[in-house]
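Student: Before I ask anything, here is the structure I am working with.
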Amino acid sequence: KAYPRRQVLLFTDLQRSAWTGLLPKEDGTSPEVWQRVLPRAEVAVVDAAGGELDNLAITDLVLADPIPLANAPAAVTAAVQNFGRAERKGVRLELHLGRPGGEVTLLPVEQRVIESIPAGQRVTVTFALEGGARFRESGLHLIQAKLSDADELTADDVRTLAVEVRP
């Protein structure tokens with residue numbers, strides 16, 4: 001009550017994945033959250049991305065076995081989402097492995113080429129951790145998926161997973 005003017009500032013890249021349930025519906029109604037906020041405050045949305053971007057993102061990185069074992073085969077799946085409006089072809093995805101320590105060095109394990117990712121779609125790629133790419137000893141390991149060709153939103157072009165490997 002001490003402040004007669006209230007403002008809500010939203011800084012966002014306006015991606016559909018974050019705004020899907022928050023946008024007004026076709027019949028003109030708004031989600032409940034807007035009905036509570038708009039009468040009480042001025043709302044401003046700041047587009048931090050600066051317009052339409054042709055963005056690819058690694059949206060998920062999952063180890064197939066939740067309890068990986070040393071010297072046992074494993075598999076990791078990475079999901080790449082095309083948030084752009086055009087199909088992307090020849091997308092290169094790299095997998096790196098490493099152990100945390102003084103200086104973390106992630107070594108490249110494998111690179112795959114995704115032939116096509118349609119606009120607004122998601123593609124998953126599974127990497128087999130076998131042979132020289134197995135977890136050779138127990139302890140903490142890092143698995144990283146990385147898009148070879150960075151775009152304008154580089155923060156979502158890499159995803160890292162820390163896993164505890166059991167003996």
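The values are calculated or read from the model by the stated rules, or taken from the named source; none is laboratory data. Note that the structure is a prediction, hence the values are computed from the model and not measured. As a convention, Cβ positions derive from the backbone with ideal geometry for all residues, glycine included, and neighbour counts pool all protein chains shown. Just so you know, the surface numbers come from the protein's heavy atoms only, side chains and all, with ligands and any DNA or RNA stripped out. Shrake-Rupley method; radii C 1.70, N 1.55, O 1.52, S 1.80 Å.
Student: Of R88, R40, R134, which has the largest mean-square fluctuation in a 10 Å C-alpha GNM of the chain?
Tutor: In this elastic network of the chain, the residue with the biggest mean-square fluctuation among R88, R40, R134 is R40.
Student: Continuing with the same structure: Between L69 and residues 5 or more places away or on another chain, which pairs have amide H atoms under 5 Å apart, with H built 1.01 Å from N, and which residues are they?
Tutor: For L69, the qualifying residues are R166.
Student: Send over a whole-number figure in Å² for the accessible area per residue of the chain, probe 1.4 Å.
Tutor: Per residue, the chain has an accessible area of 64 Å².
Student: What net charge is computed for the residues neighbouring A41, neighbours being all others with C-beta under 11 Å from the C-beta of A41, Lys and Arg scored +1, Asp and Glu -1?
Tutor: Computed value for this residue: +3.
Student: First compute the accessible area of the chain with a 1.4 Å probe, then give the percent of it belonging to carbon and sulfur atoms. Write down the numbers at each step before the final one.
Tutor: Details: 5490 of 10680 Å².
Percent of accessible area from carbon and sulfur atoms in the chain: 51.
Student: At a threshold of 8 angstrom on Cα-Cα distance, excluding pairs fewer than six apart, so keeping six or more, what relative contact order does the stretch 64-167 reach in percent?
Tutor: Result for the stretch 64-167 is 36 percent.
Student: Then there is this: Along the Cα→Cβ direction, 7 angstrom out, place labels at A75 and V104. What is the inter-label distance in nm?
Tutor: Here the answer is 2.6 nm between the modelled labels.
Student: Considering only the chain, what is the antiparallel percent among its DSSP beta bridges, to the nearest 5?
Tutor: 85 percent
Student: Using a 10 angstrom cutoff on alpha carbons, build the Gaussian network for the chain and name the most mobile of I58, I117, I67.
Tutor: I67
Student: What nm distance separates the two modelled labels at A64 and Q7, each placed 7 Å from Cα along Cα→Cβ?
Tutor: Label-label distance for A64 and Q7, simple model: 5.3 nm.
Student: What residue among A133, A150, A41 has the largest mean-square fluctuation in a Gaussian network model of the chain, using Cα springs under 10 Å?
Tutor: A41
Student: Restricting everything to alpha-carbon atoms, can you work out Rg to Rh for the stretch 102-167 with a Kirkwood hydrodynamic radius?
Tutor: Computed over Cα atoms, the ratio is 1.00.
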